[in-house]
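> Below are the structure tokens for one structure; questions will follow.
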There are 4 protein chains.
Amino acid sequence: MSPSEHLAALSRDFHRRGWALGTSGNFSAVISLEPLRIAITASSLDKSRLAAEDILEIDGDGNVVAPSTGRPSAETLLHVAIVRALNAGAVLHTHSVWSTILSDYHRGSGGFFIEGYEMLKGLEGVKTHEHREWVPIVENSQDMQALAAETRSMLEENPRIHGFLIRRHGMYTWGKDLQEAARHVEILEFLLESVGRRQMMEPQH
Amino acid sequence: MSPSEHLAALSRDFHRRGWALGTSGNFSAVISLEPLRIAITASSLDKSRLAAEDILEIDGDGNVVAPSTGRPSAETLLHVAIVRALNAGAVLHTHSVWSTILSDYHRGSGGFFIEGYEMLKGLEGVKTHEHREWVPIVENSQDMQALAAETRSMLEENPRIHGFLIRRHGMYTWGKDLQEAARHVEILEFLLESVGRRQMMEPQH
Amino acid sequence: MSPSEHLAALSRDFHRRGWALGTSGNFSAVISLEPLRIAITASSLDKSRLAAEDILEIDGDGNVVAPSTGRPSAETLLHVAIVRALNAGAVLHTHSVWSTILSDYHRGSGGFFIEGYEMLKGLEGVKTHEHREWVPIVENSQDMQALAAETRSMLEENPRIHGFLIRRHGMYTWGKDLQEAARHVEILEFLLESVGRRQMMEPQH
Amino acid sequence: MSPSEHLAALSRDFHRRGWALGTSGNFSAVISLEPLRIAITASSLDKSRLAAEDILEIDGDGNVVAPSTGRPSAETLLHVAIVRALNAGAVLHTHSVWSTILSDYHRGSGGFFIEGYEMLKGLEGVKTHEHREWVPIVENSQDMQALAAETRSMLEENPRIHGFLIRRHGMYTWGKDLQEAARHVEILEFLLESVGRRQMMEPQH
């Protein structure tokens, strides 16, 4: 499977699972490092019908290299920022109900911890459920230069996280390749749902 | 795909997703403007098995033009009212759990705002998450002339909304064509679920 | 489709939707009235793999007529009781999460009303959302003669209901044929979920 | 279907249903008793794509017999402990949201009872809904020798249970063969969801 085919299949699967409804969600994979080339989903497309032709190639400034037509996702700069800051090979931005509401609920503290869950071991490098994972929340913005700058600075402060939320906007995660990044989506979405429902079971908690 | 095939495929998909169970839900698309002709799902059919033959053609008064047999949805007049008031090319009425319960919960205030969510940008013309979307709630009625009249008057007062709820009855949304209207269903259903679960996480909120 | 094929297909579909997990759920359709013959799912089978061969034929006393092997559902007598009391052509017993917990929550009052919901119009003979549907709750028992007797007496007192719950055991509904009965399952499961979530949104309600 | 094919098909199905996301979940079936040989899912694989080749054969000490490559699940020792203690023919470890949060909610009391539910009759040997099923909760640990020892001692004290939870880690259940064990997963997951939602409906309960 080419990176474009992989990204298109993943987009359709994530739509089906409720993580990329409407035109939400955008997904990328690094094709080459020198020069930096990234395959990324085009802007504003319905993910349930995405095909390999809907994947664009961009350079390290977020400009489209190929094909000549097509507009990359508005959030291209965030993908580039994450690739550069963390040497990620793939970046996935999902937009689920649970990531949306938890990013709002915990906005006051700038993030929240997920700890003590066995499922954390599915995150790269985590060896024990006793891990304490910080999930930062970045304030949402339509100024992509500003949002990318804030993301870079947040990643500098939190170099060991596996994902973060944008307030009322969803989740970003990544991995060394698409397979690892997709696993991180499954893991983190599971944990967000668990943490959210756990709290609803005991509101005073 | 013909409009009838498109409407039938969309009906089956919406049934599968829990938005048109039983015989609920009705869906339409404008075929021509002069004279006004609308393709619309027939009344009281199981959406899980809907076929192109189950789509009727009606005129601007809601009367069936073709085929000679077949009864249009009881809510045909609402579809016509929305098409005329907003120049919509397609009108979709879904009947989900979340639209049903939110239409009841907020009945006292005649509607509610959804604001600050990135997903709002999936609604036509919305450019920022800072958008404030008013979701009016119309009281339910079996008098379709009265319900259509109330809908017309509500749309005059709220010309910029993207959908509304009928109390304990579900949601209406629309678009310039079926594709846009279907995107609005996905967007609004996501937002209703998010708003509903957000509130359950913090009942005092 | 023969009644057996219809029952088998419906069993697999209801399993997939979470209404007949494990070996729960049992489903029947009247084949002939004089003498009374009913096609019914065999006992203790996994509904996800049910085939037409797994459907038995029983008489009006609940005894197996064909094939000579095979044990009918333990709850055969309830199906017979409902067929006789209401002239039903099909009886469906589902076992969903929402019917289970609502049958427990409202046990003290012997049932609960569902009213004001448009979806009620999907129930046979209901013409307006202003309908007030009583959903009786019968105490569970392993004595099937006793449970059938209690069901008969409950149906005599409530001849116009469309379904009832057995405490912590699920729902029974019916219809003039399998298609109508299956529609009643969809309608009632939707309403139970709506009523249950509505209440969780406002616990003091 | 060979045990390996059965285990692989079950893994894919459980992934689809949200019970084995990421690399979570592990599943085994006894191949022979003398000497003890168990087919078990290999470690750290994506269950959505599991194939028969990904199933390993281990002996009664948890060592891989075939193929020469491949690492068995980290929790192999728990599978062996359960097989030996209970003469189980299959052991299934799922990792659902509801088992995760209930294993945390009830940690203080070392477990909880599920009683009065008809669905309990789907558990082997249970003849009535009046059954009272104890669901023990074992504290999670990365020391598999210690966790296996604690599991053995817990099973000695509770020889009649049908499953147990590991705190914030999911559920173990078993059966005389894969079919019975898979039925126990469906039954217990249904009951955990019912118990969890029941409580959220009435938090003071």
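> With respect to C:Asp46, determine if the residue is more than 14 Å from every other protein chain (Cβ to nearest Cβ), among the charged types (D, E, K, R) and surrounded by 13 or more Cβ atoms within 10 Å (Cβ to Cβ).
It is false that C:Asp46 is more than 14 Å from every other protein chain (Cβ to nearest Cβ), among the charged types (D, E, K, R) and surrounded by 13 or more Cβ atoms within 10 Å (Cβ to Cβ).
Residues checked against (1) among the β-branched types (Val, Ile, Thr); (2) out of contact with any Pro (no Cβ under 6 Å at 6 or more places or on another chain); (3) under 23 Å from A:Tyr117 (Cβ atoms):
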site	(1), (2), (3)
D:Arg152	no, yes, no
D:Ile161	yes, yes, no
D:Arg167	no, yes, yes
D:Met201	no, yes, no
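> Going through B:Leu188, B:Leu192 one at a time, which residue ends up being within 14 Å of chain C (Cβ to nearest Cβ) and crowded, with 19+ Cβ neighbours inside 10 Å? Spell out how you get there, then give the answer.
Values: B:Leu188 fails: within 14 Å of chain C (Cβ to nearest Cβ).
Selected residue: B:Leu192, the only one of B:Leu188, B:Leu192 that is within 14 Å of chain C (Cβ to nearest Cβ) and crowded, with 19+ Cβ neighbours inside 10 Å.
> Within segment D:164-182, is there a residue that is in contact with a helix residue (DSSP H, G or I) (Cβ under 9 Å, 6 or more places away or on another chain) and of a type in the set (Ser, Thr, Tyr)?
For segment D:164-182, residues in contact with a helix residue (DSSP H, G or I) (Cβ under 9 Å, 6 or more places away or on another chain) and of a type in the set (Ser, Thr, Tyr): present.
> In segment D:53-108, how many are in contact with a strand residue (DSSP E or B) (Cβ under 8 Å, 6 or more places away or on another chain) and part of a helix (DSSP H, G or I)?
13
> Just the residues that are of a type in the set (Ser, Thr, Tyr) and either at pLDDT 95 or above or surrounded by fewer than 18 Cβ atoms within 10 Å (Cβ to Cβ) (or both), please, taken from segment D:5-23. Quick ask: steps written out before the conclusion?
Let us first name the residues in segment D:5-23 that are of a type in the set (Ser, Thr, Tyr), namely D:11, D:23.
Within segment D:5-23, just D:Ser11 meets the criteria.
> Whether any residue in segment B:73-93 is within 17 Å of C:Lys121 (Cα to Cα), among the polar types (S, T, N, Q), within 14 Å of another protein chain (Cβ to nearest Cβ) and surrounded by 15 or more Cβ atoms within 10 Å (Cβ to Cβ) is what I want to check.
Start the filter on segment B:73-93 by keeping residues that are within 17 Å of C:Lys121 (Cα to Cα), which leaves B:73-76, B:93.
From the residues that got through so far, the ones that are among the polar types (S, T, N, Q) too are B:73, B:76.
Within this subset, residues satisfying the condition of being within 14 Å of another protein chain (Cβ to nearest Cβ) are B:73.
Now restrict to residues that are surrounded by 15 or more Cβ atoms within 10 Å (Cβ to Cβ): B:73.
The answer is yes, given that some residue of segment B:73-93 is within 17 Å of C:Lys121 (Cα to Cα), among the polar types (S, T, N, Q), within 14 Å of another protein chain (Cβ to nearest Cβ) and surrounded by 15 or more Cβ atoms within 10 Å (Cβ to Cβ).
> How many residues does segment D:129-161 contain that are of a type in the set (Lys, Arg) and outside any strand (DSSP E or B)? Please lay out each step first, then the result.
Looking only at segment D:129-161, we keep the residues that are of a type in the set (Lys, Arg), and these are D:132, D:152, D:160.
Keeping just the survivors that are outside any strand (DSSP E or B) gives D:152, D:160.
Residues meeting the conditions: 2.
> Moving on. Which is over 23 Å from D:Ser99 (Cβ atoms), surrounded by fewer than 23 Cβ atoms within 10 Å (Cβ to Cβ) and facing another protein chain (nearest Cβ under 8 Å), of A:Asn158, A:Asn140?
From the options A:Asn158, A:Asn140, the qualifying one is A:Asn140.
> Right, another one. Looking only at segment C:57-64, decide whether some residue is under 28 Å from C:Ser194 (Cβ atoms) and more than 13 Å from the chain's Cα centre (by Cα).
No, because not a single residue in segment C:57-64 is under 28 Å from C:Ser194 (Cβ atoms) and more than 13 Å from the chain's Cα centre (by Cα).
> Let me ask something additional. Determine whether D:Ile40 is touching a Ser or Thr at 6+ places or on another chain (Cβ under 8 Å), at pLDDT 95 or above and part of a helix (DSSP H, G or I).
Answer is no for this residue.
> Still on this model: Quick check on my filter: what residues within segment A:115-149 are more than 24 Å from A:Val83 (Cα to Cα) and small (Gly, Ala, Ser)?
A:Gly116
> Another one. Do we have any residue at all in segment D:114-128 that's within 14 Å of chain C (Cβ to nearest Cβ), at pLDDT 95 or above, in a strand (DSSP E or B) and crowded, with 16+ Cβ neighbours inside 10 Å?
Scanning segment D:114-128 turns up at least one residue that is within 14 Å of chain C (Cβ to nearest Cβ), at pLDDT 95 or above, in a strand (DSSP E or B) and crowded, with 16+ Cβ neighbours inside 10 Å.
> In addition: Are there any pairs with C-beta distances below 7 angstrom linking a residue in segment A:119-131 that is under 17 Å from D:Gly170 (Cα atoms) to a residue that is among the aromatic types (Phe, Trp, Tyr) and at pLDDT 95 or above, with the two at least 6 apart or on different chains, and if so which?
Cβ pairs passing all conditions: A:Met119/A:Phe190; A:His129/A:Tyr117.
> So in segment A:173-185, with the set limited to residues that are surrounded by 24 or more Cβ atoms within 10 Å (Cβ to Cβ) and part of a strand (DSSP E or B), which one is farthest from the other protein chains (Cβ to nearest Cβ)?
A:Trp174
> Given the residues D:Arg107, D:Arg198, which is the only one that is in contact (Cβ under 8 Å) with a residue 60 or more places away in the chain and basic (Lys, Arg)?
D:Arg107
> Please work out which one of (1) over 22 Å from C:Gly170 (Cβ atoms); (2) modelled with pLDDT under 95; (3) of a type in the set (S, T, N, Q) is the condition D:Gln199 fails and give its number.
That leaves (1) as the condition not met.
Condition check ((1) of a type in the set (Asp, Glu); (2) away from every other protein chain (no Cβ under 13 Å); (3) surrounded by fewer than 21 Cβ atoms within 10 Å (Cβ to Cβ)) across all residues:
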| residue | (1), (2), (3) |
| --- | --- |
| D:Ser99 | no, no, no |
| D:Tyr105 | no, no, yes |
| D:Glu130 | yes, no, yes |
| D:Val135 | no, yes, no |
| D:Met154 | no, yes, yes |
| D:Gly196 | no, no, no |
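> Give segment A:1-37 a look and list any residue that's in contact with a strand residue (DSSP E or B) (Cβ under 7 Å, 6 or more places away or on another chain), free of Cβ contacts under 8 Å to residues at least 40 places away in the same chain and assigned to a strand (DSSP E or B), or say none.
A:Ile31, A:Arg37
The values are calculated or read from the model by the stated rules, or taken from the named source; none is laboratory data. Only a predicted model underlies this, so the values are computations on that prediction, with no experimental measurement involved. Note that each Cβ is placed from the backbone with ideal geometry, even for glycine, and that neighbours are counted across all protein chains shown.
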